[in-house]
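Since the structure comes first, as structure tokens, the remarks are kept for the end.
The values are calculated or read from the model by the stated rules, or taken from the named source; none is laboratory data. All of these numbers come straight from a predicted model, not from anything done at the bench. Using ideal geometry, Cβ is built from the backbone for each residue, glycine included, and neighbour counts are taken over all protein chains shown.
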2 protein chains.
Amino acid sequence: MKRKVTLKQIAKELDVSISTVSKALRNSVEISEDTRLKVQAFAKLYNYRPNNIALSLKNRKTKTIGIIIPEIVHHFFSKVISGIESVANKRGYNVIVGLSNESFAKEVINMEMLANGSIDGFILSIAKETLQQQDYHHFTETINQGMPIVMFDRVVNDIKCDKVIVDDSQGAKLAVNKLIENGCKNIAIVTTKDYVSVGKLRTQGYLEALEDHKIDPKASLILKVHDQLLSEDHLDSLEIEIDNLFKNNKNIDGVFAVNELYAITAMKVARKLGLKIPEDLQIVGFTDGVLSKHAVPALTTVSQHGKKIGEKAAELLINNLEREDEEDYAETVVIETELIERKSTK
Amino acid sequence: MKRKVTLKQIAKELDVSISTVSKALRNSVEISEDTRLKVQAFAKLYNYRPNNIALSLKNRKTKTIGIIIPEIVHHFFSKVISGIESVANKRGYNVIVGLSNESFAKEVINMEMLANGSIDGFILSIAKETLQQQDYHHFTETINQGMPIVMFDRVVNDIKCDKVIVDDSQGAKLAVNKLIENGCKNIAIVTTKDYVSVGKLRTQGYLEALEDHKIDPKASLILKVHDQLLSEDHLDSLEIEIDNLFKNNKNIDGVFAVNELYAITAMKVARKLGLKIPEDLQIVGFTDGVLSKHAVPALTTVSQHGKKIGEKAAELLINNLEREDEEDYAETVVIETELIERKSTK
DNA sequence: ATGGGCTACGCAAACGTTTTCGTGTTGACA
DNA sequence: TGTCAACACGAAAACGTTTGCGTAGCCCAT
């Protein structure tokens, strides 16, 4: 077992100083061609690679991006990561992932753990619990210490930092407009509680679309799912809530769901109630994941281009990191949504 | 913008030496209670946190685990990551993720990038291309340099390192036995080319199950999907191949698919051909992801407990890292599979 | 012979820690 | 008063780099 070789060892072996070795490897003109070649040959032979940690310490930058997300077993978030990773890699950065599990405490711990030198900046999406408690001190402190943050998807306006979001309200309008065009008269929405910013915005888009078409919204058609963290475990209660929605509103002919799971579940419940899709009931979801694509019938949905979001977030962060001037910009990029029409609408 | 405070700054501010500060913070008996409290108060006030990078350099360990996987937008792999992350976090480690995209070159690059000091050890699942080329030098070299590796799922026996696998062949037998018990006489398998170790093993389990029941395998019932990297894009060709399978073997009454996508697609194709599931055709998949759970009918499948795999892999790696003696053990842990019966079988 | 200017290299500091060892000051004791 | 231990602290090395600067040795011109 041969340990990694260091400059010091090469220097000793070749009987020169450490600085000579370092300079030789970096092709400094200070070093004679003779020794330069000798050193380089030796380094190659022993497969010398500079130690990243030492470089990080010296340069005071790690070339590593910290990602904090609520969960990773989730199509959208993993898509975003893949986007981040792709541009990060291209630009010579690594990504280190922390999971908050939607918990405020874990989000804080994770960020503190990484903020102490391990990374150069954060890309994150806020945990539900944090949104609920509205305690954002860990974000502001991080930023105050000079460590940039890029937020995506679940963001909060008060914090001055780069953000990448989709136009949720616009996407929702896309969806609801489609339902209206297709002749739906009683369109229900299955959404989250308001503290989830994206849920709120999508609900808002739903309302605007109705308004645009002079349709009065009905409170009974708005289901704000009572989520205990939206784990897949309490799927039953979700089904029950949706079931009640349908039973209390027999005339529903369109459903807009703010995420895949809600949409799929709505479809399942509707089918159990004997409704035909899309003949009796049309459904549009949000987020284009595997579920939507492979559902039967395939689900019409609003794609938010997760990968693109990740790519853009990484670009913003890295640009920020590599900018010379110390101005702190705070850009908000909106990624276009797109309605993908499949079989759950006419 | 106040930068992170260092020992040196505290020392200067309090007019003591750096070593005194360090010792005071670590409650050394060498330091008088007086100065100890003073230093600690000051440190708390300025929210001092030791710099991870400096610690890593000094201790020659980073408390970070490198994960290299083929893709992250994938239910199984993200499950594994969540398992790794959970025990890593509990034991004070971070995880840094590299994606190979099934490419040999990217796998090598990623590993080299991380191996130079950034991490203490690897947990990885091998890229298809690597398996195809059978070039494993990057693994052996990494291990030779004293950096431990734990492989999971897609492993290769020649390499001496810890491994966490599921009993693929056993899991496949579970699935096929179920089909046989349920009365299937002509069971097809939709699998991968043989160089994907898990595909091969599952095929093997399929054959063994048939043999156990004195059923002669028929070559025409074995479809080894011609995958160009199994991206979701060339889904069409997958459908066509499965379509041909059914058309050339009208008597198929059971299908075992080695992954979710194959299973779902088989179901879709079967339905198009007018087959009723599970009446005319029973299907069992492998890997318990969202697709299986939410498919209609819900898919009977072999669960491989991805999260548990990740947890075990992390335990093995960290135990290895924190072991005192320098013996290099090489343990292989087999995680039990489980047949989850749902609606696609009788 | 002196000075100047290259060339080719080494020294040392710096990044932020931890830890070993050395040492100045105190008080007690003979 | 002199000795010694205990106490409280500082100096310095080490982890592995990079880099500004100093300088020894040489050649050439004056």
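Quick notes on this one:
- The single condition among (1) within 11 Å of DNA strand C (Cβ to nearest atom); (2) surrounded by fewer than 14 Cβ atoms within 10 Å (Cβ to Cβ) that residue B:11 does not meet is (2).
- Among the residues listed as B:312, B:308, the single one being assigned to a helix (DSSP H, G or I), at pLDDT 95 or above and surrounded by fewer than 19 Cβ atoms within 10 Å (Cβ to Cβ): B:308
- Within the range A:29-52, the residues that satisfy the criterion of being surrounded by fewer than 18 Cβ atoms within 10 Å (Cβ to Cβ) and within 8 Å of DNA strand C (Cβ to nearest atom) are A:29, A:30, A:32, A:33, A:34, A:35.
- Given (1) more than 9 Å from DNA strand D (Cβ to nearest atom); (2) within 23 Å of residue A:114 (Cα to Cα); (3) not hydroxyl-bearing (Ser, Thr, Tyr), index of the condition residue B:55 fails: (1)
- All positions within the range B:204-225 that are part of a helix (DSSP H, G or I), surrounded by fewer than 23 Cβ atoms within 10 Å (Cβ to Cβ) and touching a strand residue (DSSP E or B) at 6+ places or on another chain (Cβ under 9 Å): B:207, B:210, B:220, B:221
- Only one entry of B:190, B:196, B:156 meets the criterion of being surrounded by 18 or more Cβ atoms within 10 Å (Cβ to Cβ) and within 30 Å of residue B:142 (Cα to Cα), and that entry is B:196.
- Qualifying residue in the range B:252-267 (condition: surrounded by fewer than 17 Cβ atoms within 10 Å (Cβ to Cβ) and more than 14 Å from chain A (Cβ to nearest Cβ)): no
- Here residue B:153 meets the list (1) under 29 Å from residue A:69 (Cβ atoms); (2) in contact with a helix residue (DSSP H, G or I) (Cβ under 6 Å, 6 or more places away or on another chain) almost entirely, failing just condition (2).
- Restricting attention to the range B:65-99 and to residues that are polar (S, T, N, Q) and either within 13 Å of the chain's Cα centre (by Cα) or within 16 Å of DNA strand D (Cβ to nearest atom) (or both), the residue that is surrounded by the fewest Cβ atoms within 10 Å (Cβ to Cβ) turns out to be B:82.
- Take the conditions (1) of a type outside the set (A, V, I, L, M); (2) more than 12 Å from DNA strand C (Cβ to nearest atom); (3) farther than 30 Å from residue A:155 by Cβ; residue A:58 misses just one of them, which is (2).
- Residue that is farthest from the chain's Cα centre (by Cα) [pool: residues in the range A:132-153 that are buried (at least 22 other Cβ atoms within 10 Å of the Cβ) and assigned to a helix (DSSP H, G or I)]: A:142
- When B:321, B:317 are checked against the criterion of being within 16 Å of the chain's Cα centre (by Cα), more than 19 Å from residue B:269 (Cβ to Cβ) and in contact (Cβ under 8 Å) with a residue 60 or more places away in the chain, B:317 stands alone in meeting it.
- Residue within the range A:259-280 that is among the aromatic types (Phe, Trp, Tyr), in contact (Cβ under 8 Å) with a residue 24 or more places away in the chain and not in a helix (DSSP H, G or I) present: no
- Filter result for residue B:80 (more than 8 Å from every other protein chain (Cβ to nearest Cβ) and either of a type in the set (Asp, Glu) or in contact with a strand residue (DSSP E or B) (Cβ under 7 Å, 6 or more places away or on another chain) (or both)): yes
- Filter result (within 14 Å of another protein chain (Cβ to nearest Cβ), within 8 Å of DNA strand D (Cβ to nearest atom) and in a loop (DSSP other than H, G, I, E, B)) within the range A:7-51: A:48, A:49, A:50, A:51
- Qualifying residue in the range A:258-272 (condition: among the acidic types (Asp, Glu), out of contact with any His (no Cβ under 8 Å at 6 or more places or on another chain) and at negative phi): no
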